[in-house]
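The values are calculated or read from the model by the stated rules, or taken from the named source; none is laboratory data. Given the structure is predicted, the values throughout are model-derived calculations rather than measurements. Cβ placement follows ideal geometry from the backbone for every residue including glycine, while neighbour counts extend to all protein chains displayed.
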Amino acid sequence: MTNAVIECILSRSASKYYDTAATLSDDQICELVRIGTSAPTSFHLQNWRFIAVRTPEAKARLSPIAWNQPPIRDAAVTFIVCGQLVDTSVIPERLAPLVEADVMPAAMVPEWENPARDLYMAHPQRRRDEAVRTATFGASAMIYAGLV
């Protein structure tokens, strides 16, 4: 099976050294975030936030809580990936573009919202676990996008 995505995943390796003179433009950073926010999530919740840390001063503040790992200060941009606790009230808003594009019938929105509410809202640990799980999907999409 040959596929560019599979090849990218299989060829991935840890980056230990960074060109400290390298930079990323605002457009490049926005594109990485766009790719990250396009990763799949349960019920299309997209429950994450990405913070791009770019300045040496901000990286210096971040470094101690990241065990002073050199990539934090050396990479052109360091992303903080924040998982957000599941909030099912956002589902209609998140699905609106799909309804407007005729990808999903409007009547289907409650069919997503109600089961999601039952699955998450009365279960704090499940909400937390889903925040961590889905944030890793967004982060991995950004990592793979940065490889190509």
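Please determine whether any residue of the range 80-100 is among the polar types (S, T, N, Q), loosely packed, with under 15 Cβ neighbours inside 10 Å and in a loop (DSSP other than H, G, I, E, B).
First pass over the range 80-100, keeping only residues among the polar types (S, T, N, Q): 84, 88-89.
Pick out the ones that are also loosely packed, with under 15 Cβ neighbours inside 10 Å and you get 89.
Subsequent filtering for residues that are in a loop (DSSP other than H, G, I, E, B) retains none.
The answer is no; no qualifying residue exists.
When the range 16-39 is limited to residues that are touching a strand residue (DSSP E or B) at 6+ places or on another chain (Cβ under 8 Å) and β-branched (Val, Ile, Thr), the one that is nearest to residue 74 (Cα to Cα) turns out to be 29.
Restricting the first member to the range 86-102 and to residues that are charged (D, E, K, R), and the second to residues that are outside any helix (DSSP H, G or I), the beta-carbon pairs closer than 7 Å and six or more apart or on different chains are 94/45; 94/46.
The residues in the range 122-148 that are modelled with pLDDT of 95 or more, of a type in the set (A, V, I, L, M, F, W, C) and not in a helix (DSSP H, G or I) can be counted, and the count is 1. Please determine, by comparing only the residues of the range 39-60 that are surrounded by 12 or more Cβ atoms within 10 Å (Cβ to Cβ) and of a type outside the set (A, V, I, L, M, F, W, C), which one is farthest from residue 108 (Cα to Cα). Filtering the range 39-60 for residues that are surrounded by 12 or more Cβ atoms within 10 Å (Cβ to Cβ) and of a type outside the set (A, V, I, L, M, F, W, C), the one farthest from residue 108 (Cα to Cα) comes out as 59.
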